[in-house]
Amino acid sequence: MSFATTVIIGSGVTGLSSAYHLARKHFGKIILLDKGLVGDGSSSRAAGIITGLLWSKAGVLARKISLALFRDLSQELEGYQFHAVGCLNLFDPSSWPEREGLLPLYRECGAPFEVLTAAEMHRRWPAIRPRPAYVGLHDSLGGYSEPDEYIPALARKNREMGVDIRESQKVIDLVVCDGQVRGVRTEMGFLEADVVVCTVHSWTVKLLEGLHLRLPQKTFVHQRYITCPLAAPAAIPAINANPLGGYVRPAHGNRFLFGIESVDRAEYRVNSTDFDMSELNAPLELRDRIRERFMPFIPALEDAQWEGEKVGLISFSMDFDPIVGPVKQFPGLYVASAFHSGGFAYNPVMGLLLAELIVDGKTSVDISEWSPERSDPRAVDDYLGSSITQAQVARRRH
Ligand SMILES: Cc1cc2nc3c(=O)[nH]c(=O)nc-3n(C[C@H](O)[C@H](O)[C@H](O)COP(=O)(O)OP(=O)(O)OC[C@H]3O[C@@H](n4cnc5c(N)ncnc54)[C@H](O)[C@@H]3O)c2cc1C
């Protein structure tokens with residue numbers, strides 16, 4: 001297949017990473033299409049936090065690879081550096097037992113972790129004041145990436161490796177002939193391809209409608225806020241503060257970046273392939289909610305002013321695990337989507353796994369449980385026909 005043509009739809013981090021790994025495998029001609037600019041979707045809006053301590057074997061093994069790749073990419077990509085500050089996952093007494101049950105899995109997979117008391121957390125990071133009953137699950141390999149550094153650096157590397165990145169080229173339809181995917185129809189015309197990879201995230205359900213391919217995915221508005229610079233550096237790890245309903249990490253120039261969930265909000269339906277994320281709004285009252293919830297935990301927040309916010313969409317499948325792999329019904333088509341709020345963290349390994357599937361036909365981690373065709377079609381119809389709030393999906397942060 002050294003003369004194969006692959007069209008990747010969507011140049012968020014998943015599409016960029018897929019192109020990068022296919023190019024590393026010298027897999028013919030690679031064309032990456034985006035209806036807007038590179039990173040225009042949720043990728044440029046992400047907080048970029050990663051932890052390796054997930055809830056399934058496939059997830060933990062995949063994240064181990066992502067964590068290693070973020071470090072490798074820091075060496076390889078000019079202008080990008082992974083911030084290896086660790087990731088602290090916080091729990092209260094009611095949420096801890098469920099997570100505690102996953103510790104044997106982390107040991108089995110060789111994912112390092114430490115369980116910390118509130119006093120130990122405060123001793124290590126004096127800027128935080130966890131409640132005495134909180135339990136900390138520390139992932140020493142975790143950390144974060146700045147999307148504004150990572151995305152342009154990865155796009156540049158792709159171009160250097162010969163990937164043809166075409167912006168402002170919307171895919172209108174996928175073209176199938178004799179049951180096989182043959183390419184895509186864009187606003188510029190037909191583009192022939194041997195392989196089509198669909199990495200359009202929030203637009204997935206709408207774009208694949210044309211093939212009558214129904215994937216059980218729901219999207220929700222999500223927002224993150226950044227403070228103005230503080231007098232002292234934000235000397236904390238990335239923190240998934242589950243009992244506080246949000247997360248916080250250090251950001252460039254002595255800033256904090258906060259994210260907060262809005263569980264009462266209804267799903268957001270992307271009803272048109274023309275949908276643009278700039279149509280979304282971040283409610284200002286959520287800033288007050290962050291201050292109210294986080295100030296006892298991070299007293300330095302009292303002096304902080306808000307500098308800005310970003311708002312995008314996060315997506316969940318019916319069983320809350322990613323949807324990744326070949327679509328057997330349409331040979332030549334691959335899909336990767338529904339990464340809960342962890343698509344940035346997954347992206348290096350997702351690109352690798354997709355490239356392995358396409359080039360080698362097998363993956364270094366068994367991801368068969370993430371197959372796009374794993375769900376009963378009637379259950380998928382019911383799910384897509386229903387309307388839910390974010391409270392009805394699992395809390396799966398980063
Ligand atoms: C506020 C916020 C904070 C987040 N924080 C984190 C975090 O800390 N850690 C983490 O791991 N994840 C986080 N996420 C989730 C993460 O951003 C996403 O999971 C991830 O960016 C998905 O990347 P993607 O490349 O799959 O999709 P996207 O970045 O959404 O890219 C999809 C692309 O497809 C293009 N496209 C759509 N339709 C078409 C078409 N018809 N033709 C051509 N192109 C098309 C779009 O223009 C877009 O560029 C966060 C999300 C939000 C909103």
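Some notes on this structure:
- Residue check, Ser317 at pLDDT below 95 and farther than 23 Å from Leu69 by Cα: no
- Qualifying residue in segment 64-71 (condition: more than 10 Å from the ligand (Cβ to nearest atom), under 21 Å from Lys157 (Cβ atoms) and surrounded by fewer than 17 Cβ atoms within 10 Å (Cβ to Cβ)): yes
- Annotation note: of Asp319, Asp382, the sole residue that is assigned to a helix (DSSP H, G or I), more than 15 Å from the chain's Cα centre (by Cα) and not small (Gly, Ala, Ser) is Asp382.
- Residues of segment 240-293 that are of a type in the set (Ser, Thr, Tyr) and in a strand (DSSP E or B): Tyr247 alone.
- When residues of segment 27-49 are limited to those that are near the ligand (Cβ under 6 Å from one of its atoms) and part of a strand (DSSP E or B), the one surrounded by the fewest Cβ atoms within 10 Å (Cβ to Cβ): Leu33
- Odd one out for Asp288 among (1) at pLDDT below 95; (2) of a type in the set (Asp, Glu); (3) surrounded by 14 or more Cβ atoms within 10 Å (Cβ to Cβ): (3)
- Number of the exception - Arg378 against (1) over 25 Å from His21 (Cα atoms); (2) modelled with pLDDT under 95: (2)
- Neighbours by Cβ (under 9 Å, 6+ apart or cross-chain): first from segment 43-62, in contact (Cβ under 8 Å) with a residue 12 or more places away in the chain; second near the ligand (Cβ under 7 Å from one of its atoms) and among the charged types (D, E, K, R): Ser44/Lys310; Arg45/Arg224; Arg45/Lys310; Ala46/Arg224; Ala46/Lys310; Ala47/Arg224; Ala47/Lys310
- Of all residues in segment 202-224, those that are under 19 Å from Arg374 (Cβ atoms) have Cβ atoms under 7 Å from Cβ atoms of residues that are assigned to a helix (DSSP H, G or I) and of a type in the set (Asp, Glu), 6 or more apart or on another chain, in Arg214/Asp381.
- Any hit, segment 175-191, residues being within 23 Å of the chain's Cα centre (by Cα) and aliphatic (A, V, I, L, M): no
- Condition check for Ala345: closer than 30 Å to Asp178 by Cα and within 13 Å of the ligand (Cβ to nearest atom): no
- The residue pairs whose first member lies in segment 1-21 and is closer than 13 Å to Val163 by Cα, whose second member is near the ligand (Cβ under 6 Å from one of its atoms) and in a helix (DSSP H, G or I), and whose beta carbons are closer than 6 Å, counting only pairs six or more residues apart or on different chains, are Ile8/Gly15.
- Residue check, Val324 surrounded by 20 or more Cβ atoms within 10 Å (Cβ to Cβ) and either hydroxyl-bearing (Ser, Thr, Tyr) or within 13 Å of the ligand (Cβ to nearest atom) (or both): yes
- Residue selected from segment 116-146 under the condition small (Gly, Ala, Ser) and in contact with a strand residue (DSSP E or B) (Cβ under 9 Å, 6 or more places away or on another chain), by the criterion surrounded by the most Cβ atoms within 10 Å (Cβ to Cβ): Gly142
- Among the residues of segment 227-261, the ones that are surrounded by fewer than 19 Cβ atoms within 10 Å (Cβ to Cβ) and under 20 Å from the mean Cα position of the chain (by Cα) come to 1 in all.
- Residue pairs meeting the criteria (Cβ under 6 Å; at least 6 apart or on separate chains; first farther than 20 Å from Glu292 by Cα and among the hydroxyl-bearing types (Ser, Thr, Tyr), in segment 306-320; second modelled with pLDDT of 95 or more and part of a strand (DSSP E or B)): Ser315/Gln217; Ser315/Thr219; Ser317/Gln217; Ser317/Ile323
The values are calculated or read from the model by the stated rules, or taken from the named source; none is laboratory data. Quick caveat: nothing in here was measured; it's all calculated off a predicted structure. Using ideal geometry, Cβ is built from the backbone for each residue, glycine included, and neighbour counts are taken over all protein chains shown.
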